[in-house]
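All remarks here apply to the structure that follows.
The values are calculated or read from the model by the stated rules, or taken from the named source; none is laboratory data. The model shown is predicted, which means the values in this text are computed figures rather than measured ones. Cβ: placed from backbone, ideal geometry, glycine included. Neighbour counts: every protein chain shown. For accessibility, only protein heavy atoms count, side chains too; no ligands or nucleic acids. Shrake-Rupley method; radii C 1.70, N 1.55, O 1.52, S 1.80 Å.
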Amino acid sequence: TPMNAVLGMLHLALRTEMTSQQRDFLGKAEQAAKNLLGVLNDILDFSKVEAGYLQLERVEFDLHEVVDNLITVIAARLQGKPIECTVDIEPDVPASLVGDPLRLGQVLTNLAGNAAKFTEQGDIQVRIRLAAPVANQQARLRFDVVDTGIGLTAEQVGNLFIPFTQADLSTTRQFGGPGLGLSISQRLVQQMGGEISVESVFGQGSRFSFDVL
């Protein structure tokens, strides 16, 4: 895509000799391009969901690989913040699953990424457990993403899953984004046979939970 070409050229340019000022300019342009690519991907995904063209895969995958990718992404976003991020997978959760690992990872990355964005200190926990016993080779898994961030009011919780909506205008100004991540995540989880719920205390943190089959 054009944005990938822009990122590729910026990556190559940053490997050449240049002044510190030029490197600073190109580094900021690269970060802005990455942010823009994320916005474009959200808009494209939302358009596919609305049009009914977003199809989920059913393939064998390793849950631990999904978790490893999640940890890598979140660790990069937490650089410089005094925050501990932990993942707790209960022993009876099967590692080998059948489903869509890309979309499951997308939902987890969105929820944990939001936790990283809105948490300045404390911890972020991702918990994975069986929501129901394994039967007929099917398992319903429960995922919880818990943070000690800024939290939400009851009114903000009510608006969370509305497309193109942020918690409030100050959030939009400070953190940006099109306000599609949670809406897309909700639709993906519904396609995976589950629902997302949220519990939050303003000023203390939030817990986002979802279950998938």
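Please go through (1) open to solvent by 70 Å² or more (accessible area, probe 1.4 Å); (2) of a type in the set (A, V, I, L, M, F, W, C); (3) in contact with an Asp or Glu (Cβ under 6 Å, 6 or more places away or on another chain) for residue 12 and return the number of the only condition it doesn't satisfy. Among (1) open to solvent by 70 Å² or more (accessible area, probe 1.4 Å); (2) of a type in the set (A, V, I, L, M, F, W, C); (3) in contact with an Asp or Glu (Cβ under 6 Å, 6 or more places away or on another chain), the lone unmet condition for residue 12 is (3). Would you confirm whether or not region 99-115 contains a residue that is within 21 Å of residue 186 (Cα to Cα), over 14 Å from the mean Cα position of the chain (by Cα) and not acidic (Asp, Glu)? Checked region 99-115: at least one residue is within 21 Å of residue 186 (Cα to Cα), over 14 Å from the mean Cα position of the chain (by Cα) and not acidic (Asp, Glu).
Within region 121-138, the set of residues being open to solvent by 20 Å² or more (accessible area, probe 1.4 Å) and closer than 20 Å to residue 107 by Cβ comprises 125, 127, 129, 130, 131, 132, 138.
Hey, any hits in region 117-124 for a residue that's of a type in the set (Asp, Glu), in contact with a Lys or Arg (Cβ under 8 Å, 6 or more places away or on another chain) and either in a loop (DSSP other than H, G, I, E, B) or under 24 Å from residue 84 (Cα atoms) (or both)? Taking every residue of region 117-124 in turn, at least one turns out to be of a type in the set (Asp, Glu), in contact with a Lys or Arg (Cβ under 8 Å, 6 or more places away or on another chain) and either in a loop (DSSP other than H, G, I, E, B) or under 24 Å from residue 84 (Cα atoms) (or both). Looking at 72, 86, just one residue is under 30 Å from residue 134 (Cβ atoms), of a type outside the set (D, E, K, R), exposed (fewer than 15 other Cβ atoms within 10 Å of the Cβ) and under 13 Å from the mean Cα position of the chain (by Cα), and that residue is 72.
Taken over region 125-158, the criterion of being assigned to a helix (DSSP H, G or I) and of a type in the set (Gly, Ala, Ser) is satisfied by 154, 158.
Of the residues screened, residue 113 is not one that is on the phi > 0 side of the Ramachandran plot and in contact with a Gly (Cβ under 8 Å, 6 or more places away or on another chain).
Taken over region 1-56, the criterion of being farther than 18 Å from residue 110 by Cα, of a type in the set (Ser, Thr, Tyr) and at pLDDT below 90 is satisfied by 1, 53. Reported count of residues in region 16-32, each being surrounded by fewer than 10 Cβ atoms within 10 Å (Cβ to Cβ) and of a type in the set (Lys, Arg), is 0.
Remark: residue 138 matches the filter, which requires a residue to be over 19 Å from residue 182 (Cβ atoms) and either touching a residue at least 60 places away in the same chain (Cβ under 8 Å) or among the aromatic types (Phe, Trp, Tyr) (or both). Evaluating residue 187 against the criteria (1) among the basic types (Lys, Arg); (2) out of contact with any Leu (no Cβ under 9 Å at 6 or more places or on another chain); (3) modelled with pLDDT of 80 or more leaves one unmet condition, (2).
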